[in-house]
Amino acid sequence: MYHIVKYKDTRYWAVLHHNGKLLAVVVYKKGAEAIVQALEQILIDAVTHSQTPCP
């Protein structure tokens, strides 16, 4: 769902959404991986903890 790629011709790393939108540019690849992991965990938590609203 998210991609980590080198940002243009720099030493930085970009975190991209699957649709190609730029989410973040970071110095270290480990930082980009941490962002992806956090975003994926947020999605997992949202799906597993979603409750139907009370009437």
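The values are calculated or read from the model by the stated rules, or taken from the named source; none is laboratory data. Treat the numbers as computed from the prediction; the structure is a model and nothing was measured. Heads up, the Cβs are rebuilt from the backbone with ideal geometry, glycines too, and the neighbour counts pull from every protein chain shown. Areas reflect the complete protein model, heavy atoms only, side chains present, ligands, DNA and RNA absent. Shrake-Rupley method; radii C 1.70, N 1.55, O 1.52, S 1.80 Å.
Listed values for the stretch 15-24 are Karplus-derived 3J(HN,Hα) couplings in whole Hz (6.51 cos²θ - 1.76 cosθ + 1.60, θ = phi - 60°), namely 9, 10, 6, 4, 8, x, 6, 6, 9, 7, and x replaces Gly and Pro.
Which is the longest part of the chain that has none of the trypsin sites (Lys or Arg not before Pro) sitting in a DSSP loop with at most 12 other Cβ atoms within 10 Å?
Working: sites that count: LYS8, ARG11, LYS21.
The segment 22-55 is the longest one with no such site.
Once the Cα atoms of helix 29-48 and of the chain are each reduced to a long axis, what angle between those two axes, in degrees from 0 to 90 to the nearest 10, is obtained? The answer is roughly 10 degrees. With contributions of -39500 (n - 2.57) from each DSSP H run of at least four residues, the per-residue ellipticity at 222 nm computed over the chain stands at -12500 deg cm²/dmol.
Whole number in Å², please: accessible area per residue of the chain, 1.4 Å probe, ligands, DNA and RNA not counted.
For the chain, the per-residue accessible area is 83 Å².
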